[in-house]
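Coordinate-derived values only; no laboratory data. All values derive from a computational prediction rather than experimental measurement. In this analysis, Cβ positions are derived from the backbone assuming ideal geometry, glycine residues included, and neighbour counts consider all displayed protein chains.
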């Protein structure tokens, strides 16, 4: 049985004498979430809020300056918490998502443990080595749970560790090199996930996850392009441009093949931003802003026109 | 073709269910379907056309100010009007998706020019705000294009904000609370609103996204600026409105889930009230929760996602809330967390049995 979508009911309501009551009944039956989805959602909401609030509460608790608390006691509490949460995720008989949420909470608590450790032994809470051990400590949990939010935390941690390392240790690495590395690294992750998704139907990777990673990755490439543009030309910049050409090309091919307009539109938008900065570099005058205004409108209209054409083709 | 056949099946289905009294204009329905097939865009397209429009207007304003063209207030006012009117007329006449970026750009540029022109001409800011609210309302009545209407709704909201901030800064929380109530009303009364008239029916989708974004901006502003005012009586009024709204929402959720047992109902209301009262200190978090729940109610995925992102952000902002020590905050959060977990373990089981 075909479900009646919101668009259907809106259009039909505009051109008929369908009563408010009937519209409401159709909406409740076909468009809105039913009892079963509410049940699933409320459960997930309570678990996430419950585990989430408790975990954040623990973070706040240790962020409070406890001068009187003995350091063994401090570290002891967190370790006890980590152990009990992990054991709970292992032994409580419940659904998989609850277990994954518990493991995510444990992974965050590991970070609290290292932060408190850093606080006690004066290494500074943002020392890159603390983030490194944090990242290493949760690799197994990330792999086992295969839970997208935990994967996102894990990947953010790798990025943070790398950025902190370049700030605290590798002072001689150029900004472009760092951005290139971040761009490539995150892109490889996305490519890996997309390949897995296409190869193996049993692995479900939600779209929001790959989309978020893509946005991060494009943020790095776009920034790299703009920074390099205003510096003297060097070999690093050549690498930036080459990787952008290859990765964006692959992204467009993937978008076309998978009929996914997200990859096409974000790639195009990033290119438009790059084009705009190139124009700014080209002519440093106020009239240029007018041309930029026209350039943005023109290019985006062109992108939208192409995307609509593609969508029409895909739909047929 | 297949799509249209599918639509025919849907129409027949409704016809069978509604009986002989059901009258409809088939030609009108299929014309609109055909138009939508050509002009339906994904969320990504909508976002880039809005972003593009804004960036273009930003560049244009830069051009305007660097070249000194803003020196003539009358010129700015006239061009502002011309730009706004062009955007509205163009949308009314063409209705095609591809002009969206262009119309967003000239529409926003028009407002900016008009504002600057009027202010330079020494018109009182309040009058400028009122005038812009009226123009945006007229735009909403004339054209119900998704993106232009969305911007008009934000324009109306932004100008009400400025009016309040300029005149009675302290009632801002009440405005935000009323916005919350408005959002829940709009979301929960879809059938009623789309049946009032065709204009409101076409405005329904932009109205949804517009109120969500306006509410989040409002919550962000009060969350940021009213931390020291927490126990002011106006904040209490605002929080009471939010609590009543949330309970109304909870009631609707109870109805949709067919929970008839009085004991479970009382339990749900009791727990919701407790949670709401403890979250009195951050109406932003409650506001985000309201967005999540009402979006889920009507199966509105964009609002749902925005609500979750806002929720995560507002919780992280709670860290900087100055009125309480980290210890108090930590205790409140842990208590709430445990309450939620208890609700999970206790109530999901009886709820399930009644399913």
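Brief remarks on what is shown
- In nm, spacing of pseudo-spin labels at residue A:34 and residue A:291 (7 Å Cα→C-beta vector): 6.0
- Distance between the stretch A:158-184 and the stretch B:318-346 - C-alpha centres, whole angstrom: 36
- Chain B: most fluctuating residue of B:283, B:42, B:330 per GNM, C-alpha cutoff 10 Å: B:42
- Shape call, the stretch B:45-180: gyration tensor on alpha carbons, a/c limit 1.5: oblate
- Spin-label model, residue A:241/residue B:123: points 7 Å from Cα along the beta carbon direction are separated by 4.9 nm.
- Label zone at residue A:223 (point 7 Å along Cα-to-Cβ), backbone N below 15 Å, the stretch A:149-169: A:156-168
- Global geometry of chain B, whether rounded, prolate or oblate, following the gyration tensor of its Cα atoms and the 1.5 cut on a/c: oblate
- You can think of it this way: the chain between residue A:204 and residue A:7 has 68.1 nm of extra reach, that is 0.36 nm per residue less the Cα-Cα gap.
- Per principal axis, descending, Cα span of the stretch A:173-316 in whole Å: 54, 42, 20
- Shielding of peptide A:284-295 by partners, expressed as the average count of other chain Cβ atoms within 10 Å per residue Cβ, is 5.
- The protection proxy used here, the mean number of other Cβ atoms lying within 10 Å of each residue, ranks peptides A:211-221, B:299-309 as follows, highest first: A:211-221, B:299-309.
- Across peptide A:261-269, the average count of Cβ atoms from other chains found within 10 Å of a residue's Cβ is 4.
- For the protein assembly as shown, projected area of the alpha-carbon convex hull averaged over all directions, nm²: 33.1
- Classified by the C-alpha gyration tensor, chain A has an oblate form. Its axis ratio a/c, with a ≥ b ≥ c, is 1.5 or above, and a/b does not exceed b/c.
- Pairwise FRET efficiency - residue B:317 versus residue A:72, Cβ, R0 = 25 Å, nearest 0.05: 0.15
- Result for chain A in a Gaussian network model with C-alpha springs under 10 Å: among A:72, A:183, A:269, the largest mean-square fluctuation is at A:72.
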